[in-house]
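Single-structure report; data block below.
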Amino acid sequence: MKKIRTRFAPSPTGYMHIGNLRTALYCYLIAKHSDGDFILRIEDTDQKREVEGAVDIIYDVLKETGLNWDEGPDRPGKVGPYVQSERLPLYKEYATKLIEVGGAHYCFCKEEIGENEKDPCRRLSKEEIQKRLDAGEEYVIRQTTPEEGIADFDDEIYGHIEAPCDSLDDQVLLKSDGYPTYNFANVVDDHLMGINVVVRGNEYLSSTPKYNLLYDAFNWERPTYIHLPPVMKDENHKLSKRNGDASFQDLKAEGYLPEAILNYIALLGWAPQDEEILSLEELIKQFTVDRISKAPAIFDKTKLTWMNGMYLRNMDLDTFHNTVKHLYADTITRDVDLKEVSLVLQPRLDRVNKEDVAPMVDFINECLPFDAAIYKHKKMKTNPVNSLEALKIALPAMEAWEDYSDDDGMMHMQMDLAKAHELKNGRIMWPIRVALSNKAMTPGGSVEIAHILGKEETLRRMKQAIADLEAYVAQNPEA
């Protein structure tokens with residue numbers, strides 16, 4: 001059995017689209033599952049669409065996601081160069097060979113031929129062609145497709161596919177400027193680079209019969225084809241660069257981890273055996289083509305957010321802290337133990353960005369403005385009046401408590417306080433939590449917040465809350 005060789009061959013036209021990254025991932029997984037080779041090739045023959053810096057983006061994204069290529073522009077093997085614009089003489093050589101074996105012809109037409117039409121120049125005599133070439137007429141080289149019969153191929157996902165030859169147009173293979181079209185360059189390069197498994201989007205299904213005619217004309221062995229279903233933004237619209245849909249770089253900027261993005265993208269069209277949270281190494285072990293679906297996959301950001309949160313929660317505390325601590329700058333200016341902040345954030349954070357973190361920690365610098373409504377909690381059975389009573393009960397105990405870093409001890413102290421006054425735990429803990437933050441939602445409860453703020457600030461805020469509640473209750477005795 002031949003060693004599997006796959007290739008990811010992006011065009012340097014901007015950011016890394018999610019569909020492109022999924023193709024790269026599947027190429028990588030198919031190769032590595034069988035101890036094969038994963039090749040990176042840059043298809044830059046469409047010079048008008050090339051974007052400056054886009055090649056570096058391709059390198060950076062693949063490196064960040066761990067999709068390390070075995071051969072490529074910066075890791076030359078025996079079949080380079082790995083950049084198409086550096087291979088131009090090869091395309092001219094093989095286009096000329098294709099003319100010699102009857103698979104292509106010169107075309108001097110000034111106008112485009114219609115879709116599914118045959119090129120009239122295919123009927124020119126050798127003498128007429130030579131006369132025009134000698135006169136210096138501009139030309140392209142087109143494929144000479146059969147006028148009858150069936151062009152067919154087998155795809156690992158979509159099965160056996162046939163196309164009537166009379167429906168296939170004579171596509172341009174080599175343009176007048178000497179640059180090949182994608183349709184020709186990818187066939188030549190795949191063969192010369194030994195690519196025997198071709199993985200790409202299903203939009204190329206209709207072109208593949210013409211590609212196979214090229215393989216057959218050269219008497220080359222056809223590769224195995226794996227055409228992937230599209231990634232959709234909803235049931236009717238594909239994810240698209242043109243529509244501004246999220247790229248890998250966009251998702252990363254929004255606070256998604258590269259490993260979570262990659263894990264989620266793997267599930268867009270492929271079904272794991274059981275668990276969905278899978279490392280790249282686990283994906284390599286599990287990935288088989290028979291579990292790829294024909295059905296379009298819908299990109300669900302809610303699912304990605306959930307998965308990203310799972311990755312954050314599965315980190316050890318030091319790793320999580322190192323991942324998020326840069327977000328505390330300018331947000332937390334009080335001198336507190338930032339690792340303790342990370343400890344209470346970790347179970348609650350789904351994305352690593354300032355927009356998500358800042359609202360969770362904004363009370364640390366200063367307690368937010370007093371709001372009596374927050375003390376009303378149906379489940380905790382609290383209101384401003386009994387919260388005032390609870391804080392007055394708790395303040396002496398909090399003043400007497402020495403070790404604010406002893407979370408377990410402080411928790412049991414507050415619970416014992418509630419028990420001594422025949423109250424539910426929430427009747428004591430919720431008012432303290434609100435007193436320390438003036439927020440309905442906080443990362444961590446009364447114990448964790450008191451630990452972060454320290455004894456002095458905790459007592460200051462509790463006393464201020466008692467004063468605010470006394471003033472409010474005095475004016476609203478029925479509260």
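Conditions tested, residue by residue: (1) modelled with pLDDT under 95; (2) in contact with a Gly (Cβ under 8 Å, 6 or more places away or on another chain); (3) closer than 14 Å to T442 by Cα.
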{"position": "V324", "(1), (2), (3)": "no, no, no"}
{"position": "V336", "(1), (2), (3)": "no, yes, no"}
{"position": "V341", "(1), (2), (3)": "no, no, yes"}
{"position": "V352", "(1), (2), (3)": "no, yes, no"}
{"position": "D356", "(1), (2), (3)": "no, yes, yes"}
{"position": "F363", "(1), (2), (3)": "no, no, yes"}
{"position": "C367", "(1), (2), (3)": "yes, no, yes"}
(message) Within segment 254-304, take every residue that is in a helix (DSSP H, G or I) and within 18 Å of M232 (Cβ to Cβ) and give me the one that is nearest to the chain's Cα centre (by Cα).
(response) I261
(message) Of everything in segment 201-244, what is under 26 Å from P146 (Cβ atoms), out of contact with any Phe, Trp or Tyr (no Cβ under 8 Å at 6 or more places or on another chain) and among the charged types (D, E, K, R)? Give them in sequence order.
(response) E203, K210, D216
(message) Which count do you get for residues in segment 324-339 that are touching a residue at least 60 places away in the same chain (Cβ under 8 Å) and buried (at least 18 other Cβ atoms within 10 Å of the Cβ)?
(response) 1
(request) Return yes when D155 is touching a residue at least 24 places away in the same chain (Cβ under 8 Å) and within 24 Å of E93 (Cα to Cα) and no when it is not. (result) no
(message) Among the listed residues A418, A474, A440, A397, identify the single one that is out of contact with any Phe, Trp or Tyr (no Cβ under 9 Å at 6 or more places or on another chain), without any contact (Cβ under 8 Å) to a residue 12 or more places away in the chain, hydrophobic (A, V, I, L, M, F, W, C) and open to solvent by less than 60 Å² (accessible area, probe 1.4 Å).
(response) A418
(message) Give me the residue from segment 363-394 that is in a helix (DSSP H, G or I), open to solvent by less than 40 Å² (accessible area, probe 1.4 Å) and not hydroxyl-bearing (S, T, Y) and, out of that set, nearest to Y328 (Cα to Cα).
(response) I374
(request) Provide a single number: the residues in segment 291-300 that are closer than 16 Å to L25 by Cα and open to solvent by 80 Å² or more (accessible area, probe 1.4 Å). (result) 1
(message) If I go through segment 201-243 residue by residue, how many of them are open to solvent by less than 60 Å² (accessible area, probe 1.4 Å) and more than 18 Å from L268 (Cα to Cα)?
(response) 16
(request) Out of D154, D189, report the one residue that is closer than 18 Å to L214 by Cβ, within 35 Å of the chain's Cα centre (by Cα) and open to solvent by 70 Å² or more (accessible area, probe 1.4 Å). (result) D154
(request) Return the pairs, sorted by first residue and then second, in which the second residue is open to solvent by less than 40 Å² (accessible area, probe 1.4 Å) and not in a strand (DSSP E or B), the first residue lies in segment 107-132 and is more than 18 Å from K210 (Cβ to Cβ), the beta carbons are less than 7 Å apart, and the residues are 6+ apart or on different chains. (result) F108/C121; C109/D119; C109/C121; R132/F108
(request) Please identify the pairs in which a residue from segment 69-90 that is in contact (Cβ under 8 Å) with a residue 40 or more places away in the chain has its Cβ atom under 7 Å from the Cβ atom of a residue that is among the polar types (S, T, N, Q) and in a loop (DSSP other than H, G, I, E, B), counting only partners at least 6 apart or on another chain. (result) Q84/T45; S85/T45
(request) Kindly indicate the residue of segment 79-107 that is closer than 15 Å to R41 by Cα and hydroxyl-bearing (S, T, Y) and also most open to solvent (accessible area, probe 1.4 Å) among those meeting that condition. (result) S85
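The values are calculated or read from the model by the stated rules, or taken from the named source; none is laboratory data. In this text, all values refer to a predicted model and were calculated from it rather than measured experimentally. As a convention, Cβ positions derive from the backbone with ideal geometry for all residues, glycine included, and neighbour counts pool all protein chains shown. Remember, those area values only see protein heavy atoms, side chains included, never the ligands or the DNA or RNA. Shrake-Rupley method; radii C 1.70, N 1.55, O 1.52, S 1.80 Å.
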